[in-house]
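For reference, the structure discussed in these notes is given below.
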Amino acid sequence: MTLQEFFKDNPRAALGFSGGVDSSYLLWAGRHYGADIRPYFVKTAFQPAFELADAKRLASDVGAEITVIEADILTNPLVCGNAADRCYHCKSIIFGTLASRALQDGYTLLLDGTNASDDANDRPGMRALKELHVRSPLREAGMTKQEVRQLSREAGLFTWDKPAYACLATRVPTDTVITQEVLERVEGAEDALMAMGFADFRVRVFHDAARVQMPEAMMPRLMERRQEVLGALRPYFQDVFLDLNARETHE
């Protein structure tokens with residue numbers, strides 16, 4: 001099945017929209033094939049501000065009206081407790097919230113941007129999507145991440161080369177309670193590194209210190225600017241460590 005065939009059979013749908021590579025291309029494709037596809041961004045403490053800004057920009061670029069829904073995810077102990085199944089509970093809340101709002105707007109079909117490269121066995125949130133009957137057109141069409149990036153580039157979407165980005169909660173070790181304060185510190189530190197020109201990295205919490213994971217190609221530049229990096233991160237973390245195991249990117 002192709003995306004064109006999917007949208008011919010399903011011409012009206014609500015999309016869980018993050019502003020990332022996959023959901024951005026899916027939004028463009030839905031509109032390109034004449035579907036009434038409406039993007040919904042569920043804003044929680046786990047998304048940094050730039051994600052919402054990117055989502056709004058992309059929606060505007062393709063002429064879609066974006067709906068932003070606030071969800072106080074940290075009030076749920078199964079989420080902020082940060083057990084190994086946190087992602088399942090988080091996805092259940094996010095897509096449950098989306099489903100309720102979309103139904104009010106007249107949309108009964110929910111979509112997400114999971115692609116064929118995503119390993120269903122490695123993503124606890126997949127179970128929540130299945131339980132809520134969320135469909136993944138990119139996955140159903142057999143489209144890999146590499147294909148989505150190439151087609152996004154051809155479509156002129158600025159997201160085509162956007163690095164993969166996992167939510168801020170993934171920076172906190174499993175079974176360590178997630179708080180608004182620690183999320184804000186992580187976001188501030190990552191914003192500071194992005195402002196310095198670094199990309200595709202992570203700032204992970206390690207015993208109240210920052211453990212920076214960088215792609216191998218960026219490590220020499222980080223070391224050359226070590227003092228500048230320490231100064232930029234000091235408002236958020238007094239202690240900063242560089243993980244010598246280079247960060248591997250997964251497409």
Matching residues, the stretch 2-36, being closer than 25 Å to Glu190 by Cβ and surrounded by fewer than 22 Cβ atoms within 10 Å (Cβ to Cβ): Gly20
One residue from Arg247, Arg221 being touching a Pro at 6+ places or on another chain (Cβ under 6 Å), surrounded by 11 or more Cβ atoms within 10 Å (Cβ to Cβ) and not in a strand (DSSP E or B): Arg247
Failed item, numbered, when Tyr107 is tested on (1) farther than 28 Å from Ala35 by Cβ; (2) not in a helix (DSSP H, G or I): (1)
Residue in the stretch 101-108 that is under 29 Å from Gln4 (Cβ atoms) and among the hydrophobic types (A, V, I, L, M, F, W, C) present: yes
Residue in the stretch 67-75 that is under 24 Å from Ser117 (Cβ atoms) and loosely packed, with under 14 Cβ neighbours inside 10 Å present: no
Residue list for the stretch 199-251, filter: more than 25 Å from the chain's Cα centre (by Cα) and among the polar types (S, T, N, Q): Gln227, Gln238
Residue list for the stretch 160-190, restricted to those being touching a helix residue (DSSP H, G or I) at 6+ places or on another chain (Cβ under 7 Å), outside any loop (DSSP other than H, G, I, E, B) and among the hydrophobic types (A, V, I, L, M, F, W, C): Trp160, Leu168, Ala169, Leu183, Val186, Ala189
Residue in the stretch 91-98 that is surrounded by 21 or more Cβ atoms within 10 Å (Cβ to Cβ) and of a type in the set (Phe, Trp, Tyr) present: yes
Residue that is surrounded by the fewest Cβ atoms within 10 Å (Cβ to Cβ), among those in the stretch 37-63 that are in contact (Cβ under 8 Å) with a residue 40 or more places away in the chain and assigned to a helix (DSSP H, G or I): Ala49
Checking Ala155 against (1) among the hydrophobic types (A, V, I, L, M, F, W, C); (2) farther than 19 Å from Asn10 by Cβ; (3) in the same structural domain as Leu98 (by TED's automatic domain parsing); (4) at pLDDT below 95, the condition it does not meet: (4)
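The values are calculated or read from the model by the stated rules, or taken from the named source; none is laboratory data. Fair warning: this is a prediction, and the values are worked out from it, not measured in the lab. All Cβ positions, even for glycine, are placed from backbone atoms using ideal geometry, and neighbour counts span all protein chains on display.
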